[in-house]
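Contents: one structure, followed by commentary.
The values are calculated or read from the model by the stated rules, or taken from the named source; none is laboratory data. No experiment lies behind these values; they were computed from the predicted model shown. Please note: Cβ atoms are built from the backbone with ideal geometry, for glycine as well, and neighbour counts cover all protein chains shown. Each accessible area value is taken on the protein alone, full model and side chains, heavy atoms only, with ligands, DNA and RNA left out. Shrake-Rupley method; radii C 1.70, N 1.55, O 1.52, S 1.80 Å.
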Amino acid sequence: MMRQAGRYLPEYRAIREEHAFLEVCKTPDLAVEVSLQPFCRLGVDAVIVFSDILIPAEAMGLRLELGDAGPNLPEPVRTRNDVEKLRLFDPETETAFLPEAIRRLVRELGPNVPVLGFAGAPWTLACYMVEGQAKEGFAAAKSFLLHEPKIFRELLHRIALATITYLKAQIAAGAAAVQLFDTWCGELSLGDYENFALPATQEIVSGIAGAVPVIHYTKASHHLFPAVARSGADVLSVDWRMDLSALRAELGPRIALQGNVDPAVLLGPSEEIRRVTSETVAALGGAGHILNLGHGILPQTTVENAQLFVQTGQRALLQEAKPAASWR
Ligand code: CP3
């Protein structure tokens, strides 16, 4: 589930009553506790470390606030000078809390439960760095791209370089796979995606150089396929607008798929949760598939419905699954 931890869990809300969001991210004891909450409650098969895609923006030199209204960067990147001021950083010193949380999770969970690291994809991180906050359409980011394409490319390149060392530190700490979130790529035309977002994403995937599998999440990206598949990622994570079996037919069996139940389904009646989850598993016959939501779990979701999703998915996968060798 994307955003496994979060406001739908009472034990998460209890921690957030005592501690600010960034404090949880930056305190390994708290980050580990919050990362483990969904594992204990739901029995998910892997654990994503608790953090946020905006953490590297701060380490690159931007002021960051993460309040109830979402992220806010009060000094956004708008000029060449702003881009040149962004610095590469040493993740083991400036974001030491993150590899430390991963090391503790790996120690706690043992070898059979994968711990996932993550980062924002360059375009999505640039959206926040230029816009300053989440805003429909990301007009400031697009305007920067259109007026100053070279400088905007330099911004994406710097984000990519910083992200490579950031992810390598997470892998060195024991992350079994890393996920790149390109939540806002759907805002781009295919041409702009291929000219700007894709090359910077490819730079990261090749920078990781096969150390661990890379999972690439794209939202509302139907018009960007098959270009997204050229990212080089091992797993493509998509939202509920995509037809998984059609995507498999288009891309072939070598790219695994992740997704793609609509998070709103988890607000619905039990029968619908069972039906949609089983159908999602059946779409790929349990092969080369990581069952997931198509975007973050909604805060209104009940814990019972989240559990039902996980249990239904695990049962359906057991029924469908063929040995991995049969699809390779
Ligand atoms: O599953 C997990 O718990 C992993 C941790 C995780 C968080 N954010 C914690 C978080 C991950 C993987 C993210 C990624 C992230 N952060 C993305 C990409 C995926 C996506 O959801 O599209 C983006 C775009 C962000 C930026 C961000 N962080 C936004 C827009 C918001 C506010 C919106 C919202 O849902 O509240 C956040 C805050 C945030 N990050 C929360 C959590 C659990 C909300 C928690 C809180 O307020 O306590």
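What number, rounded to the nearest 500 deg cm²/dmol, is the helix-based mean residue ellipticity at 222 nm of the chain, given -39500 (n - 2.57) per DSSP H run of at least four residues and division by all its residues? Write down the numbers at each step before the final one.
Numbers: 14 runs with 152 residues, N = 328.
Rounded to the nearest 500, the figure is -14000 deg cm²/dmol.
List the GluC sites (Glu not before Pro) in segment 110-187 that DSSP assigns to loop (not H, G, I, E or B) and whose Cβ has at most 15 other Cβ atoms within 10 Å. Which are they?
Details: sites: GLU131, GLU136, GLU154, GLU187; in loops: GLU136.
Answer in residue order: GLU136.
Based on the Cα coordinates of the chain, what is the per residue volume of their convex hull in Å³? List each step's numbers first, then the result.
Details: hull volume 39.7 nm³, N = 328.
That works out to 121 Å³ per residue.
On a 26 Å Cα-Cα criterion, which of the cross-link pairs LYS85/LYS135; LYS26/LYS85; LYS142/LYS168; LYS85/LYS219; LYS26/LYS168 come out too long?
Where the Cα-Cα span goes over 26 Å, the pairs concerned are LYS142/LYS168; LYS85/LYS219.
Can you tally the net charge around VAL34? Count Lys and Arg as +1, Asp and Glu as -1, for every other residue whose Cβ sits under 15 Å from the Cβ of VAL34.
Working: positive: ARG3, ARG7, ARG13, ARG16, LYS26, ARG41, ARG104; negative: GLU11, GLU17, GLU18, GLU23, ASP29, GLU33, ASP52, GLU100, GLU108.
With Lys, Arg at +1 and Asp, Glu at -1, the neighbours total -2.
Just the number, please: carbon plus sulfur as a percent of the accessible area of the chain, 1.4 Å probe, no ligands or DNA/RNA counted. Working shown, then result.
Numbers: 7270 of 14000 Å².
After summing per-atom areas, the C and S share lands at 52 percent.
Grab the Cα-Cα distance for ASP29 and ALA139, subtract it from 0.36 nm times how many residues apart they are, and report the gain in nm with one decimal. If you can, show how the numbers build up before the last one.
Numbers: separation 110, 0.36 × 110 = 39.60 nm, distance 3.85 nm.
Full-extension gain reported as 35.8 nm.
Under 5 Å between amide H atoms, partner at least 5 residues away or on a different chain: which partners does GLN179 have, H built in plane at 1.01 Å?
GLY117, PHE118, ALA119, ILE215
In nanometres, what is the gap between the two model label sites at GLN300 and GLU194, each 7 Å from Cα along Cα-to-Cβ?
4.0
Mind giving me the FRET efficiency for ARG107 and GLU17? R0 is 30 Å, r the Cβ-Cβ distance, nearest 0.05 is fine. Working shown, then result.
Working: r = 28 Å, r/R0 = 0.93.
Efficiency for this residue pair is about 0.60.
Select from segment 128-158 those trypsin sites (Lys or Arg not before Pro) which occupy a DSSP coil region and have at most 16 other Cβ atoms within 10 Å, ordered by residue number. The partial results should precede the final answer.
Details: sites: LYS135, LYS142, LYS150, ARG153, ARG158; in loops: LYS135.
Answer by residue number: LYS135.
Where a ≥ b ≥ c are the square roots of the eigenvalues of the C-alpha gyration tensor, would you call segment 125-164 rounded, which needs a/c under 1.5, or, failing that, prolate if a/b is larger than b/c, or oblate? Walk me through the intermediate numbers first.
Working: a/c = 3.30, a/b = 1.30, b/c = 2.54.
In terms of gyration-tensor shape, oblate.
Which residues in segment 109-126 place their backbone N less than 16 Å from a point set 7 Å from the Cα of ARG241 along the Cα-to-Cβ direction?
Only 124 pass the distance filter.
Which value, in Å² and to the nearest 10, is the accessible area of SER206 when all protein chains are kept and the probe is 1.4 Å?
80
If I model a spin label as a point 7 Å beyond the Cα along the Cα-Cβ vector, how far apart are those points for THR93 and HIS147 in nm?
About 3.6 nm separates the two model spin labels.
For the modelled label position 7 Å from the Cα of GLU320 along Cα-to-Cβ, which residues of segment 281-302 have backbone nitrogen atoms closer than 16 Å?
Within reach of a label on GLU320, which here means backbone N under 16 Å from a point 7 Å along Cα→Cβ, segment 281-302 contributes 281-294.
What does the accessible area per residue of segment 232-321 come to in Å², with a 1.4 Å probe and no ligands, DNA or RNA counted?
Accessible area per residue, segment 232-321: 43 Å².
Within 12 Å, Cβ to Cβ, of ASP182, how many net charges do the neighbouring residues add up to if Lys/Arg are +1 and Asp/Glu are -1? Can you show the working numbers first?
On the way: positive: LYS219; negative: GLU187, ASP239.
Summing Lys/Arg as +1 and Asp/Glu as -1 gives -1.
Quick one, could you list the DSSP H helices from the chain stretching 24 Å or more along their long axis (Cα atoms) with average Kyte-Doolittle hydropathy of -1.0 or above? Display every interim value, and only then the final one.
Values: long enough: 149-172 (34 Å, 0.50); 303-320 (25 Å, -0.22).
TM-like helix candidates: 149-172, 303-320.
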